[in-house]
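Okay, structure first, notes after.
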Amino acid sequence: LQSEYKKNLGIDVAIVTKPHKGRLQTMRDGNYQMGITRWGADYDDAMSYLDEWRGAAMSSRGNYENAVYDDLLNRAINEANEQKRVELM
């Protein structure tokens, strides 16, 4: 990625490598501009992905917060009708 940023955008990227625990803490603290990590769905459902950006507590996801998004997901979590649940998601 570092060489692609340089080649295609002319951007110099300084890389700071950390062990897993240190990287997670740096991301939770918001002390980064770009982080590379990996994660996979916990279960076979769109909510496994969508829930990762619900609420301000997800600081390792870039501190994204959106009240409308949170409301839609909260409603989907509590919806028993599968079609309505999917529409909310």
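The values are calculated or read from the model by the stated rules, or taken from the named source; none is laboratory data. Remember, it's a predicted structure, so these values are computed and weren't measured experimentally. Cβ placement follows ideal geometry from the backbone for every residue including glycine, while neighbour counts extend to all protein chains displayed.
Some points to look at:
- Taking segment 9-31 as the range and being assigned to a loop (DSSP other than H, G, I, E, B) and hydroxyl-bearing (Ser, Thr, Tyr) as the test, only THR17 passes.
- A search for C-beta distances below 8 Å between a residue of segment 63-87 that is on the phi > 0 side of the Ramachandran plot and any residue that is modelled with pLDDT under 95, counting only pairs 6+ apart in sequence or on different chains, returns ASN63/GLY30; ASN63/ALA56.
- Pairs linking a residue in segment 24-49 that is not assigned by TED's automatic domain parsing to the domain that holds GLU65 and surrounded by 13 or more Cβ atoms within 10 Å (Cβ to Cβ) to a residue that is among the hydroxyl-bearing types (Ser, Thr, Tyr) and part of a loop (DSSP other than H, G, I, E, B), with Cβ atoms under 7 Å and 6 or more positions apart or on different chains, are THR26/TYR32.
- Scope segment 57-69; condition touching a helix residue (DSSP H, G or I) at 6+ places or on another chain (Cβ under 9 Å) and either part of a loop (DSSP other than H, G, I, E, B) or modelled with pLDDT of 85 or more (or both); matching residues: MET58, GLY62, TYR64, GLU65, ASN66, TYR69
- Any hit, segment 14-35, residues being of a type in the set (Val, Ile, Thr), modelled with pLDDT of 85 or more and within 19 Å of the chain's Cα centre (by Cα): yes
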